[in-house]
1. Among the residues of segment 36-45, is any outside any loop (DSSP other than H, G, I, E, B) and either closer than 30 Å to LYS171 by Cβ or under 22 Å from the mean Cα position of the chain (by Cα) (or both)?
2. Could you give me the residue pairs with C-beta distances under 7 Å whose first residue belongs to segment 160-177 and is within 11 Å of PHE22 (Cβ to Cβ), whose second residue is in a helix (DSSP H, G or I) and not acidic (Asp, Glu) wherever it lies, and which are 6+ apart or on separate chains?
3. Would you be able to say whether some residue in segment 225-237 is closer than 25 Å to SER276 by Cα and in a loop (DSSP other than H, G, I, E, B)?
4. Just to verify a result, which residue in segment 135-159, among those that are without any contact (Cβ under 8 Å) to a residue 24 or more places away in the chain and of a type in the set (Gly, Ala, Ser), is farthest from ASP4 (Cα to Cα)?
5. Has segment 12-28 got any residue that is of a type in the set (Asp, Glu) and closer than 25 Å to GLY159 by Cα?
6. Given the criteria touching a Phe, Trp or Tyr at 6+ places or on another chain (Cβ under 9 Å), closer than 15 Å to LEU122 by Cα and modelled with pLDDT of 95 or more, does TRP213 qualify?
7. Here are ALA195, ALA220: which of them is in contact with a Leu (Cβ under 9 Å, 6 or more places away or on another chain), among the small types (Gly, Ala, Ser) and over 26 Å from GLY72 (Cβ atoms)?
8. Could you grab the pairs with beta carbons closer than 7 Å, sequence gap of 6+ or different chains, first residue in segment 19-30 and closer than 11 Å to PHE88 by Cβ and of a type in the set (Gly, Ala, Ser), second one part of a loop (DSSP other than H, G, I, E, B) and modelled with pLDDT of 70 or more?
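The values are calculated or read from the model by the stated rules, or taken from the named source; none is laboratory data. Everything quoted here is computed from the prediction, not taken from an experiment. Cβ atoms come from the backbone with ideal geometry, glycine included; neighbour counts cover every protein chain shown.
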Amino acid sequence: MSQDVYTPPKVWKWEKASGGTFANINRPIAGPTHDKPLPVGKHPLQLYSLATPNGVKVTVMLEELLAAGHSGAEYDAHLIKIGEGDQFSSGFVQANPNSKIPVLVDHSTNPPTRVFESGSILVYLAEKFGAFLPQDPAKRTETLNWLFWQMGSAPMLGGGFGHFYVYAPEKYEYPINRFAMEVKRQLDVLNRQLANNEFVAGSEFTIADMAIWPWYGGVAVGAVYNAAEFLSTHEYTHVLRWAEQVAKRPAVQRGRMVNRTWGKPEEQLWERHDASDFETKTQDKANPA
């Protein structure tokens, strides 16, 4: 390992020119940077998001609810361009003081209910519609076990491995090796669970699958961080089987498109305000002005 040894200062100070992707939006303080209200569409459920793995969790959930016949799950999905700092608007910060996507505002309640953190949104919607979270206490607990496993584990994958392997301005052996080791351990945990279960929490497709698939399914097939070869994800055969099975669900395919601004044009739907938006592939629909 060849890199300069860093000696932490006695008092840390914010150096704005820290480098790396997203450096222009990272800061050690909270609160809004500019005044701008959030747009509100025609449906009770208003989602403000981007199709990162955390955002995809919620759009998949909403599309699965609609596919299951829950018409009350109709929603507007507004694009939040995190690279441009949309998450620091006064309206967004009011909905989510943590300034992270996704955030959901439910206008069917009075006053409207704000729901932030993707895991919290999944639980909120599951309980609101009585779907994708088993009622049996043991099955419910197992589903929540795996939901919170994802919430606790993914920062090691995203902010850890993903940052140092993809986004950091310089590549260093120690952090990449440290986080790669942990990600492979997590994939092994998931692979062992899926060896004896069709879905993560058992025989039912649940919010646990919706939470885990965008992250770990994406890494396994090379869709997240383009690291499948580096991590030898071919070793995790049960994860790959499950990832491909989930990816074939029509609602998952639709959910993955929503608030997506990269990739093939036919796989993008920058904003979603009606189910018919999926049927219209004009540039105006995919990329609104």
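1. Checking segment 36-45: at least one residue is outside any loop (DSSP other than H, G, I, E, B) and either closer than 30 Å to LYS171 by Cβ or under 22 Å from the mean Cα position of the chain (by Cα) (or both).
2. none
3. Looking through segment 225-237, none of the residues is closer than 25 Å to SER276 by Cα and in a loop (DSSP other than H, G, I, E, B).
4. Per the criteria, the residue is ALA138.
5. Yes, segment 12-28 has at least one match.
6. For TRP213, the condition - touching a Phe, Trp or Tyr at 6+ places or on another chain (Cβ under 9 Å), closer than 15 Å to LEU122 by Cα and modelled with pLDDT of 95 or more - is met.
7. ALA220
8. ALA30/PRO97; ALA30/SER99
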